[in-house]
Amino acid sequence: MATYVNNLRLKEIATGDESGTWGSSTNTNLELIGEALGFGTEAITTNADTHTTTVADGSSDAGRAMYLKYTGTLDSACTITIAPNTMKRMQFIENGTSGSQNIIISQGSGANITIPPGDTKAVYLDGAGSGAAVVDAFASLSTVDLKVQDDLTVTDDVSIGGALTLTGNGDFNGDLDVDGTTNLDVVDIDGAVDMASTLQVDGAITSSAGATITTADNTDTLSLVSTDADANAGPNLRMYRNSGSPADSDAIGLIDFEGRNDNSQDVVYAAIDTRIVDASDGTEDGRIEFATILAGTAGVSRVLMDATETVFNDNSKDLDFRVESDGNANMFVVDGGNNCVSIGGAPVETSDTLNVVETTANGVLARFISANDDAQGAKILLQKNTSSPADNDEIAEIDFVGRDSSGNAEVYGAIQVFADDVTSGTEDGIMTFSTTSAGTFSEVMRINPGGNLGIGTNAPAFANGTGVEIQRAGIATLRLEDTGSGGKPFEVFVDDATACHLKGTASGLGMVFSIINSERARIGTTGNLLVGGTGNVGVGNGGLRLVYGSGESDGETFFVGNGGGSNAQAVTMLVVSGEGFNTNHGALHVGRHTGNNRSINAGGTINASGADYAEYMLKSDGCADIAKGEVCGVDADGKLTKTFSAAKSFVIKSTDPSYVGGDTWWTEKEPQRYTDEGKTEYTTAWKDWQTRREAARVNVDRIAFSGQVPVNITGSFSVGDYVYPQANGSNIECVAKTTPTFEEYQLCVGKIWTTMDDGRPLVAVKIG
């Protein structure tokens, strides 16, 4: 039976068929083969979106032709399916339709080929059934020589291994990829040049009419990239004024930043201008200026840098200059409109030339530092620079201003300096101090020429020299005056001359302290102090005596006694050093003698309530608290330890010491006690000092070196037993034994003398 299973749909005669008549079928097949090798056309229904071309079995049709041209008119792309989907063949297909629409060639669900209007493509059908695909046969066309006698239009990539010679025009609608060298003698480009990658130009690019680079999106319009690994090389942009006659003030380069306004006008919004200041060989100077448009006025200078200065706001506009720091947006501000400079914050008082603002709690407003190695320190100069100085001119003023409860700025205090006499060679100055009291601002202290100080008066006058005078309500309450060799060189009054009176005496009686005109104390001319008497202030009559001297040979520095008999010197304290002892609180602190380092010499016994002698010892790292009467170890570094294996010898912590040695673990002096004004500061300093002291205290402990000490013991004991340490895990415990071994005796820390009321043994300390 005949079949049609070949790619040209020819009739295949089965064996034994068409006997005597096979020639007719054969002739038809030969005709169809000829038709397949030829040219055919097929019209598509007008404006159809789909079309089917069927290669008929054993009969003539245009779809069988090797070159198939589709005709018709289309208003949209048309998908053409070639059947049957099992047919495998190659074909040239032309889109000869009108209407400027694509045709899409398909055979199955596989790939399709799109043919633009007027184009012809060579395709092959893979005949894969329902999944059949149509493939562009020339998608990777390789040819030895390609000769194009007319225009060559390439809509996709072209790769040419050999030379490409164009005798006519070359029109590239797609990419031109040249991997080797392109030697173009003359390139005339009338339209745009679109380069998606790199353009390398080893020579110069010259434009006689200027060049414009335009982008249609937000990508970088121009990028300069250097791939040089040299640390001193980078992408360099050179603006070169190659003038044959360079001169001062010549423009070197100008960069304009131009855009449009809302009236579609081109406006230069900013510019960078550079010029020659000095073109002389060896002394060349240049200038660069940054300018912007301001309120419609172009070319307003913002920053100008030339040979002698850097100027901000050279056109004197109402422009502020602001420098930010990390965390402060107004670290430095120049308020152009108010002619004001502020440091540390925004200007508070714009009427003042300089504002220094501190916003940090308890921060320092300003610090003036002299880093010179000479003897002179930091200096602040307040100068009145006038060409016509006159007496009583104010030279300088420092005002201390704060806000009141209504938010008003008030001057709470001020220091003023006046020129009392401006005569050259005899100049005099006056300094005054003023404060606000009950809402009234007034002078409270004055220093006149010569050094006279008046408090509560603006006219401190001393006939015989200089001095200090304090007045209240016009009455002198304190007066210190250098009056010469006689009279009263020192005098103090409180309220009046009878309430309290401290005066220097004449006739060699020293200093007298009186209350309501009754003498209560006296300092004699030799320096002896008498309290509670009015007679001689010598040794024999004073209940207290202080003698000035530089050492023991000059006499007592402190004396208590009656000056006669066998007990003439009940207490004597000599010149001592204020160092060498623990600074913790105590009933009495005694320093050491500067000559022999002794602190106390006692003619009799020194009695104490404690039971043992102890010394402070350092703890090792990680040593926990040691209880009173607890046995602990001493390691190889001489430090206390509670670890048995680390101990080289063993000791007992003191319970009730009478004397303590080694008390130098804390020598930092306690802060001085506060005045009313410094109460908060003292309290804070004292708490900090106490915290540091307690942190140091945990690193030391008092260890008994002799005497009787209650001991914390494990197990039973008897009076007369020896106590020694033993290991309890890694820890140390103390046990008692009547007849210890020699090794145990070597570790022994003491012997039990009696039993305490609390049940603990009282041990005589042994150190060994």
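The values are calculated or read from the model by the stated rules, or taken from the named source; none is laboratory data. Given the structure is predicted, the values throughout are model-derived calculations rather than measurements. All Cβ positions, even for glycine, are placed from backbone atoms using ideal geometry, and neighbour counts span all protein chains on display.
Output the number of the condition that Arg403 fails; it satisfies all remaining conditions of (1) within 30 Å of Asp318 (Cβ to Cβ); (2) in contact (Cβ under 8 Å) with a residue 12 or more places away in the chain; (3) basic (Lys, Arg). Going through (1) within 30 Å of Asp318 (Cβ to Cβ); (2) in contact (Cβ under 8 Å) with a residue 12 or more places away in the chain; (3) basic (Lys, Arg) one by one, Arg403 breaks only (2). Quick one: is Asp177 at pLDDT below 70, surrounded by 10 or more Cβ atoms within 10 Å (Cβ to Cβ) and of a type in the set (D, E, K, R)? When the stated conditions are applied, Asp177 passes them. For the stretch 351-395, residues that are part of a strand (DSSP E or B) and closer than 24 Å to Val341 by Cβ total 5. Does any residue of the stretch 366-375 turn out to be in contact with a Leu (Cβ under 9 Å, 6 or more places away or on another chain) and within 30 Å of Gly327 (Cα to Cα)? There is no residue in the stretch 366-375 that is in contact with a Leu (Cβ under 9 Å, 6 or more places away or on another chain) and within 30 Å of Gly327 (Cα to Cα). Considered as a group, the residues in the stretch 725-747 that are part of a strand (DSSP E or B) and hydrophobic (A, V, I, L, M, F, W, C) include one that is farthest from Val763 (Cα to Cα), and that residue is Ala727.
Any residue at all in the stretch 231-241 that's in a strand (DSSP E or B) and not acidic (Asp, Glu)? No: the stretch 231-241 contains no residue that is in a strand (DSSP E or B) and not acidic (Asp, Glu). Answer yes or no: is there a residue in the stretch 224-235 that is exposed (fewer than 10 other Cβ atoms within 10 Å of the Cβ), modelled with pLDDT under 70 and within 48 Å of the chain's Cα centre (by Cα). Taking every residue of the stretch 224-235 in turn, none turns out to be exposed (fewer than 10 other Cβ atoms within 10 Å of the Cβ), modelled with pLDDT under 70 and within 48 Å of the chain's Cα centre (by Cα).
Residues in the stretch 647-667: is at least one in a loop (DSSP other than H, G, I, E, B), basic (Lys, Arg) and modelled with pLDDT under 90? There is no residue in the stretch 647-667 that is in a loop (DSSP other than H, G, I, E, B), basic (Lys, Arg) and modelled with pLDDT under 90. Of the residues making up the stretch 631-662, those that are farther than 18 Å from Val709 by Cβ, surrounded by 15 or more Cβ atoms within 10 Å (Cβ to Cβ) and of a type in the set (S, T, N, Q) are Thr641, Thr643.
Yes/no per residue for (1) within 25 Å of Ala43 (Cβ to Cβ); (2) assigned to a strand (DSSP E or B); (3) without any contact (Cβ under 8 Å) to a residue 24 or more places away in the chain:
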position	(1), (2), (3)
Leu68	yes, yes, no
Ser76	yes, no, no
Thr79	yes, yes, no
Thr86	no, no, no
Gly108	yes, no, no
Lys147	no, no, yes
Asp150	no, no, yes
Thr153	no, yes, yes
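Within the stretch 275-285, is there a residue that is within 25 Å of Thr308 (Cα to Cα), polar (S, T, N, Q) and part of a strand (DSSP E or B)? No: the stretch 275-285 contains no residue that is within 25 Å of Thr308 (Cα to Cα), polar (S, T, N, Q) and part of a strand (DSSP E or B). You will find that of Glu394, Glu358, the residue that is modelled with pLDDT of 90 or more and either surrounded by 10 or more Cβ atoms within 10 Å (Cβ to Cβ) or among the basic types (Lys, Arg) (or both) is Glu394 and no other.
Here Thr435 clears all of (1) in a strand (DSSP E or B); (2) more than 30 Å from Asn392 (Cα to Cα); (3) modelled with pLDDT of 85 or more except the condition numbered (2).
Comparison of Val225, Val267 shows that the only residue that is in a loop (DSSP other than H, G, I, E, B) and either of a type outside the set (D, E, K, R) or in contact (Cβ under 8 Å) with a residue 12 or more places away in the chain (or both) is Val225. Any residue at all in the stretch 337-349 that is touching a residue at least 40 places away in the same chain (Cβ under 8 Å), under 32 Å from the mean Cα position of the chain (by Cα) and assigned to a loop (DSSP other than H, G, I, E, B)? Yes, the stretch 337-349 contains a residue that is touching a residue at least 40 places away in the same chain (Cβ under 8 Å), under 32 Å from the mean Cα position of the chain (by Cα) and assigned to a loop (DSSP other than H, G, I, E, B).
Here is a yes/no grid of residues against (1) in the same structural domain as Thr41 (by TED's automatic domain parsing); (2) surrounded by fewer than 17 Cβ atoms within 10 Å (Cβ to Cβ); (3) under 17 Å from Thr52 (Cβ atoms):
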site	(1), (2), (3)
Thr73	yes, yes, no
Thr79	yes, yes, yes
Lys88	yes, yes, no
Gly99	yes, yes, no
Ile105	yes, no, yes
Gly110	yes, no, yes
Thr120	yes, yes, no
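Within the group Thr683, Thr741, Thr691, which residue is farther than 27 Å from Lys619 by Cα and exposed (fewer than 12 other Cβ atoms within 10 Å of the Cβ)?
Going through Thr683, Thr741, Thr691 in turn, the sole match is Thr741.
Here the condition is being at pLDDT below 75, not in a strand (DSSP E or B) and not charged (D, E, K, R); of Gly486, Gly451, it holds for Gly486 alone. When the stretch 612-629 is limited to residues that are surrounded by 18 or more Cβ atoms within 10 Å (Cβ to Cβ) and assigned to a loop (DSSP other than H, G, I, E, B), the one that is farthest from the chain's Cα centre (by Cα) turns out to be Gly629. If you filter the stretch 627-676 down to residues that are among the aromatic types (Phe, Trp, Tyr) and free of Cβ contacts under 8 Å to residues at least 60 places away in the same chain, you find that the one that is farthest from Asn699 (Cα to Cα) is Tyr674.
Among residues of the stretch 284-296 that are free of Cβ contacts under 8 Å to residues at least 12 places away in the same chain, none has a beta-carbon under 6 Å from a residue that is surrounded by 15 or more Cβ atoms within 10 Å (Cβ to Cβ) and of a type in the set (Ser, Thr, Tyr) at least six positions away or on a different chain.
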